[in-house]
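Notes to accompany the following structure.
The values are calculated or read from the model by the stated rules, or taken from the named source; none is laboratory data. Since the structure is predicted, the reported quantities are computational estimates derived from the model, not experimental observations. Glycine gets a Cβ as well: all are built from the backbone with ideal geometry, and neighbour counts include every protein chain shown. With ligands, DNA and RNA removed, areas are computed over all heavy atoms of the protein, side chains included. Shrake-Rupley method; radii C 1.70, N 1.55, O 1.52, S 1.80 Å.
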Amino acid sequence: YGSSLVRLGDTQILTAVTLLVGVPGPSTPNDGDCVVTLTVSPICGRGYNLSGRIIEGEGGSGGTSSTDSGGSVSKAEPSAIESHLQRAVRTSGLIDFSALGIISGKAAWRIKI
């Protein structure tokens, strides 16, 4: 288990990484897996509910919300960001999924981010 706190300006992101042993998929019996989950709490803004989703009427899915300066900021649905991060991790080549295999067809490491 590992964690980190990243601060970029007024934005703070808390990350956690865990490793679990799971069963590899039938199409990749020698490979491990990586799962990315994004949780946005209500403390991130009043437009988010406890499930980390945008509250209807508070910007809506892919809508905009006003800023103090009179401009607008796009509010991406957290699930869309999660999907983008998942694809980026899987296709980046940073993780060698074949190195995560333990026993072919029976056990492999699963990284949870």
* Asked: Limited to the stretch 1-24, what total is found for residues that are closer than 22 Å to H84 by Cβ, open to solvent by less than 60 Å² (accessible area, probe 1.4 Å) and of a type outside the set (A, V, I, L, M)?
  -> 3
* Structure fact -> Exactly one of I102, I113 is among the aliphatic types (A, V, I, L, M) and either touching a helix residue (DSSP H, G or I) at 6+ places or on another chain (Cβ under 8 Å) or more than 23 Å from P26 (Cα to Cα) (or both), and that residue is I113
* Which one of these does S66 not meet: (1) at pLDDT 90 or above; (2) exposed (fewer than 14 other Cβ atoms within 10 Å of the Cβ)? -> (1)
* Give the stretch 25-60 a look and list any residue that's open to solvent by 80 Å² or more (accessible area, probe 1.4 Å), without any contact (Cβ under 8 Å) to a residue 24 or more places away in the chain and among the hydroxyl-bearing types (S, T, Y), or say none. => S27, S51
* **Tally of residues being surrounded by 11 or more Cβ atoms within 10 Å (Cβ to Cβ), free of Cβ contacts under 8 Å to residues at least 12 places away in the same chain and of a type in the set (A, V, I, L, M, F, W, C) across the stretch 84-100** => 1
